[in-house]
Amino acid sequence: MGRTLMYPKGVSNTVNRYKHRATYDLGAIHSIINTSQVLHVSFNPGPEDPFPTILPMIGQMGSFDYPSAAIDEPLECYLHGYVSSRIMNLARNSDTGQGLPICIATSRVDGLVLSLTPNSHNYNYRSAVLHGYATLVTSEEEKLWAMKLITNSVVADRWDNSRVPPDRAEMSSTVILKVRVVSGSGKIRDGGVTDLRKDTENGDVTNRIWTGMVPVWETFGEPVPSDGNMVSEVPEHITSFIASKNAQNRAYAEGAVHVELPPEEKN
């Protein structure tokens, strides 16, 4: 049996509340990142602005140097952006010697947990946070590799089913940030309702209040052709992607309902 690789616990990534829900497993954390449509990237904009900045971006975990690396192995996070955006300029001009310090976060809601009291209501969810240093990808080969990686994360095989490679103007306007991850953590909640004994043993309460779980999953709808579309049928790479993602998302959300709660959450 192979060993499970973990991010080391440190000041930035150690989970303090509900520690039993925490994970430092590279595979679990990277999977949450790679199945999220949007990543929220935060950074310090500089001394002239007292507020931290948070940007919604798209990105993927991967390894250009070791493209066959599995999801549970050390990977970088590649982020897609525009050449003149503030985060790109800060990364370009960073004088730390390591890159621009950033934090990447994402979360997915898998269910509503409806309990007897408002205080006991919850979500089933998955969340992940990464800390690392961002630098601009300057190699055209690596840049194209990362652009393909990110494009195919939107819809599988979309890169090869579009007009590629990008032209010079597109390459010039697009910047890829490569984040060397130094720490990460995840938090996962699944299972059912938790209520205090004083409520579960109170017949007046239990006889009038419905409790239970509502699975929640992201659904991809039927493709709608653009006004300029000239292709009569939706390509298989799109229809199969939609069917696969919808089935996976539903299966996870419904499965999360039936996971047995850990001892820390039982009455």
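The values are calculated or read from the model by the stated rules, or taken from the named source; none is laboratory data. Everything numeric in this text was worked out from a predicted model, so none of it was measured. Virtual Cβ from ideal backbone geometry, glycine too; neighbours counted across all protein chains shown. What goes into the accessible areas is simple: the full protein's heavy atoms, side chains included, and nothing from ligands, DNA or RNA. Shrake-Rupley method; radii C 1.70, N 1.55, O 1.52, S 1.80 Å.
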Checklist line | Index of the failed condition, Arg197 passing every other in (1) within 30 Å of Pro8 (Cβ to Cβ); (2) modelled with pLDDT under 95; (3) basic (Lys, Arg) | finding: (1)
Next item on the list: Could you grab the pairs with beta carbons closer than 8 Å, sequence gap of 6+ or different chains, first residue in region 47-61 and free of Cβ contacts under 8 Å to residues at least 12 places away in the same chain, second one open to solvent by less than 20 Å² (accessible area, probe 1.4 Å)?
Entry: Phe51/Pro45; Pro52/Phe43; Pro52/Pro45
Check: Only one residue in Arg197, Arg180 is charged (D, E, K, R) and more than 27 Å from the chain's Cα centre (by Cα). Which one?
Finding: Arg197
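So, in region 73-101, of the ones that are of a type in the set (A, V, I, L, M, F, W, C) and over 19 Å from the mean Cα position of the chain (by Cα), which residue ends up nearest to Thr174 (Cα to Cα)? So that I can check it myself, show each step before the final result.
Taking region 73-101 as the starting set, the residues that turn out to be of a type in the set (A, V, I, L, M, F, W, C) are 75, 77, 79, 83, 87-88, 90-91, 100.
Narrowing further to those that are over 19 Å from the mean Cα position of the chain (by Cα): 83, 87-88, 90-91, 100.
Details: Val83: 5, Ile87: 13, Met88: 10, Leu90: 15, Ala91: 14, Leu100: 18 Å.
Among those residues, the one meeting the criterion is Val83.
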Item checked: Residue count for region 233-267, restricted to those that are in a loop (DSSP other than H, G, I, E, B) and under 20 Å from Ala156 (Cα atoms) -> 3
Item checked: Meets criteria (open to solvent by 80 Å² or more (accessible area, probe 1.4 Å), out of contact with any strand residue (DSSP E or B) (no Cβ under 6 Å at 6 or more places or on another chain) and among the polar types (S, T, N, Q)) for Asn229 -> no
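Hey, which of the helices (runs of 4 or more DSSP H) in region 131-227, taking only ones fully inside, have at least 1 residues that are in contact (Cβ under 8 Å) with a residue 60 or more places away in the chain and among the basic types (Lys, Arg)? Spell out how you get there, then give the answer.
Details: elements: 140-154, 168-173, 197-200, 203-206.
Once the helices (runs of 4 or more DSSP H) in region 131-227 are filtered for at least 1 residues that are in contact (Cβ under 8 Å) with a residue 60 or more places away in the chain and among the basic types (Lys, Arg), what remains is 197-200.
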Note to self: Need pairs with beta-carbon distance below 9 Å; first residue over 18 Å from His40 (Cα atoms) and basic (Lys, Arg) and within region 92-107, second in a loop (DSSP other than H, G, I, E, B) and at pLDDT below 95; sequence gap 6+ or separate chains.
What the structure shows: none
Checklist line | Selection within region 4-24 - surrounded by 18 or more Cβ atoms within 10 Å (Cβ to Cβ) and touching a Phe, Trp or Tyr at 6+ places or on another chain (Cβ under 8 Å) | finding: Tyr7, Asn13, Tyr24
Next item on the list: Run down Ile71, Ile32 and say which single residue is hydrophobic (A, V, I, L, M, F, W, C), in contact with a Lys or Arg (Cβ under 6 Å, 6 or more places away or on another chain) and either farther than 15 Å from Gly186 by Cα or open to solvent by less than 70 Å² (accessible area, probe 1.4 Å) (or both).
Entry: Ile32
Checklist line | Criterion: β-branched (Val, Ile, Thr), closer than 30 Å to Arg17 by Cβ and surrounded by 13 or more Cβ atoms within 10 Å (Cβ to Cβ) - qualifying residue of Val205, Val175, Val164 | finding: Val205
Next item on the list: Tell me, please, whether a residue that is modelled with pLDDT under 95, open to solvent by 20 Å² or more (accessible area, probe 1.4 Å), closer than 16 Å to Val182 by Cβ and not polar (S, T, N, Q) can be found in region 82-104.
Entry: yes
